[in-house]
1. Which of the residues that make up segment 25-40 are within 12 Å of the ligand (Cβ to nearest atom) and open to solvent by 50 Å² or more (accessible area, probe 1.4 Å)?
2. When the residues of segment 448-469 are filtered to those that are touching a strand residue (DSSP E or B) at 6+ places or on another chain (Cβ under 7 Å) and outside any loop (DSSP other than H, G, I, E, B), which remaining residue is farthest from Val280 (Cα to Cα)?
3. Residues of segment 470-481 being in contact with a strand residue (DSSP E or B) (Cβ under 9 Å, 6 or more places away or on another chain) and either outside any helix (DSSP H, G or I) or under 26 Å from Arg503 (Cα atoms) (or both), which ones?
4. So which of Arg278, Arg288 ends up being in contact (Cβ under 8 Å) with a residue 60 or more places away in the chain, among the basic types (Lys, Arg), farther than 30 Å from Ala403 by Cα and touching a strand residue (DSSP E or B) at 6+ places or on another chain (Cβ under 9 Å)?
5. Residues of segment 320-343 being among the small types (Gly, Ala, Ser) and open to solvent by 10 Å² or more (accessible area, probe 1.4 Å), which ones?
6. What are the pairs with Cβ atoms under 7 angstrom where one residue, in segment 348-371, is within 28 Å of Leu295 (Cβ to Cβ) and free of Cβ contacts under 8 Å to residues at least 40 places away in the same chain and the other, located anywhere, is open to solvent by 60 Å² or more (accessible area, probe 1.4 Å) and assigned to a loop (DSSP other than H, G, I, E, B)? Sequence gap at least six, or different chains.
7. Name the residue that is farthest from the ligand (Cβ to nearest atom), counting only residues in segment 41-70 that are assigned to a helix (DSSP H, G or I) and farther than 16 Å from Glu12 by Cβ.
8. How about segment 457-487: which of its residues are under 18 Å from Asp273 (Cβ atoms) and either basic (Lys, Arg) or open to solvent by 50 Å² or more (accessible area, probe 1.4 Å) (or both)?
Amino acid sequence: LERLPVLRVPEECAYYKEDAGKLLIGAFEPVAKPWGMDGIREDFCFDELPPDLDHFAPILETAVTRMPMLAEAGIHTFFNGPESFTPDDRYYLGEAPELDGYWVAAGYNSIGIVSSGGAGMALARWMDEGAPPFDLWEVDIRRAQPFQRNRTYLRARVSETLGLLYADHFPNRQPLSARGVRRSPLHGHLAAMGAAFGETAGWERPHWFAGPGVTPAYGHGWGRQHWFANTAAEHRALRTGVGLLDLSSFGKIRVEGRDATGFLQRLCGNDVDVAPGRIVYTQMLNHRGGIESDLTVTRLGETAFLLVVPAATLRRDLAWLDRHRGDAAVTITDMTAAEAVIAVMGPGARALLAAVSPDDLSDAAHPFATAREIELGLGLARAHRISYVGELGWELYVSTDQAAHLFETIAEAGAAHGLLPCGMLAMDSCRLEKAFRHFGHDITDEDHVLEAGLGFAVRTGKGDFIGREAVLRTREAGVTRRLLQFRLTDPEPLLHHNEPVRRDGRIVGLITSGAYGHTL
Ligand SMILES: Cc1cc2nc3c(=O)[nH]c(=O)nc-3n(C[C@H](O)[C@H](O)[C@H](O)COP(=O)(O)OP(=O)(O)OC[C@H]3O[C@@H](n4cnc5c(N)ncnc54)[C@H](O)[C@@H]3O)c2cc1C
């Protein structure tokens with residue numbers, strides 16, 4: 001028995017291993033049993049719960065098929081004990097964003113023993129040095145959303161995530177339980193257009209569109225999926241025609257007050273002391289020159305700015321701003337739910353918007369990286385000329401009460417312009433063609449802004465800011481690693497994240513993100 005290797009059978013949710021001279025079978029069943037919803041006894045510690053053979057029977061049945069000797073072996077110990085699971089199967093590490101000095105290492109999803117050495121070391125260094133020793137975003141407590149405290153949500157989602165621990169982690173795999181908590185005001189419109197939704201930070205966002213009236217089946221696998229053709233068409237619309245994206249899940253943070261300019265100048269690498277109406281692409285850096293946040297800053301007025309950040313990083317960005325506020329006279333407000341964002345992107349964007357807005361959208365009147373209010377249909381929008389897909393286009397920030405009206409107005413006029421609704425997967429493949437970075441994949445707090453190739457967005461001459469010294473040092477010494485873009489010669493393989501890059505047989509780097517370049 002001692003010579004038995006640890007056996008793991010994902011599709012049967014089970015593992016087998018030798019344990020103190022006996023065979024141990026453990027399982028991560030697809031629908032787990034929630035426990036402790038009404039509180040946990042104070043002195044409960046690695047205790048047992050009453051056995052529940054009915055719950056375990058399906059696992060045992062497949063185990064007997066897998067290892068026939070089990071039919072006669074008998075059960076020495078049936079151990080039924082609880083474990084703590086999180087909504088995304090990843091543990092929580094770091095300082096609670098709501099409470100300074102309150103450090104968390106919890107929710108270990110059954111891998112607490114195997115993770116303990118590394119997690120303990122990382123947290124200790126984080127506490128000691130004031131910054132995580134390396135990129136820990138996957139397990140960072142700042143990814144947690146406030147609504148995830150809801151116990152009904154937890155009950156439903158955690159019953160699923162336990163089983164997902166052992167399931168195949170297919171690219172784009174979506175949870176099936178506890179969905180639909182955060183929706184854009186355009187959700188119904190998008191669903192009617194056949195949107196296949198994916199979830200980020202609780203937001204439902206179209207990943208791709210099946211077409212009007214078609215119920216999309218997402219489906220998962222390791223190879224090219226059936227929605228490949230849909231995303232290809234959406235990608236081409238964005239590149240050569242005109243596409244519409246609902247980007248309402250963007251995190252929107254208003255920073256306002258008499259010290260707002262100085263405060264943001266201290267936090268941002270780029271010069272944000274620009275004329276009202278200007279949009280600045282920038283990063284917030286740490287003292288090592290690593291990237292804490294990748295964002296745009298729009299100056300709304302003399303003392304007011306709008307920071308636009310990814311949906312997934314909003315809590316992290318809010319915490320970063322709050323922890324660096326000091327005694328600056330600024331108010332930091334999460335405006336995410338106040339405005340929807342309808343992006344109209346592609347070479348045909350200007351002609352389409354001209355059909356629904358009397359405002360002059362020419363290069364001269366509305367240059368790149370500027371924002372201003374326009375009339376649209378019967379309402380108003382703040383049009384930001386900026387693009388994550390790398391084409392002519394506008395992100396229309398609109399008060400949520402007017403979002404449906406503006407959407408319907410654009411969609412109706414769009415019919416004559418070949419407007420196609422587009423999803424996040426097409427946006428991703430478009431931005432990759434342009435080598436636009438994505439926080440969490442391509443850039444993290446351990447990636448120096450110059451290694452990331454984003455030196456063009458750093459202004460060391462503007463005065464002091466967090467990370468300036470590190471930028472100057474690296475500029476002087478030169479970079480030893482660099483983010484680069486590759487195009488495969490063979491179009492068949494799919495790339496996602498973390499695939500090794502070999503050179504002369506040696507691994508010299510990892511793929512940070514990958515997608516199919518439909519218009520390269
Ligand atoms: C049957 C079983 C098998 C497992 N197998 C594996 C495995 O093979 N590999 C693996 O990696 N993980 C495994 N795990 C999971 C692993 O044990 C947990 O993930 C890990 O123990 C969690 O560590 P923790 O420090 O978060 O919590 P715990 O280990 O539960 O530690 C919490 C501690 O806090 C103490 N405490 C509670 N309340 C208070 C209080 N008010 N004041 C002071 N102290 C308090 C408790 O007494 C306890 O000592 C298994 C778990 C179980 C139940």
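The values are calculated or read from the model by the stated rules, or taken from the named source; none is laboratory data. This structure is a prediction, so every number in the text was calculated from the model and none was measured. Note that each Cβ is placed from the backbone with ideal geometry, even for glycine, and that neighbours are counted across all protein chains shown. These area figures cover heavy atoms from the full protein model, side chains too; ligands, DNA and RNA do not enter into them. Shrake-Rupley method; radii C 1.70, N 1.55, O 1.52, S 1.80 Å.
1. Trp35, Ile40
2. The extreme case among them is His448.
3. Thr474, Val479, Arg481
4. After ruling out the rest, the residue left standing is Arg288.
5. Residues of segment 320-343 among the small types (Gly, Ala, Ser): 326, 328-329, 337-338, 340, 343.
Hits for segment 320-343 are Gly326, Ala328, Ala329, Ala337, Ala338.
6. His366/Asp360
7. Restricting attention to segment 41-70, the residues satisfying the condition of being assigned to a helix (DSSP H, G or I) are 53-66, 70.
The next check asks that each one be farther than 16 Å from Glu12 by Cβ; those that pass are 53-54.
Details: Leu53: 16, Asp54: 19 Å.
Step by step, filter segment 41-70, then rank; the result is Asp54.
8. Answer for segment 457-487, where residues must be under 18 Å from Asp273 (Cβ atoms) and either basic (Lys, Arg) or open to solvent by 50 Å² or more (accessible area, probe 1.4 Å) (or both): Arg459, Gly461, Lys462, Asp464, Arg468.
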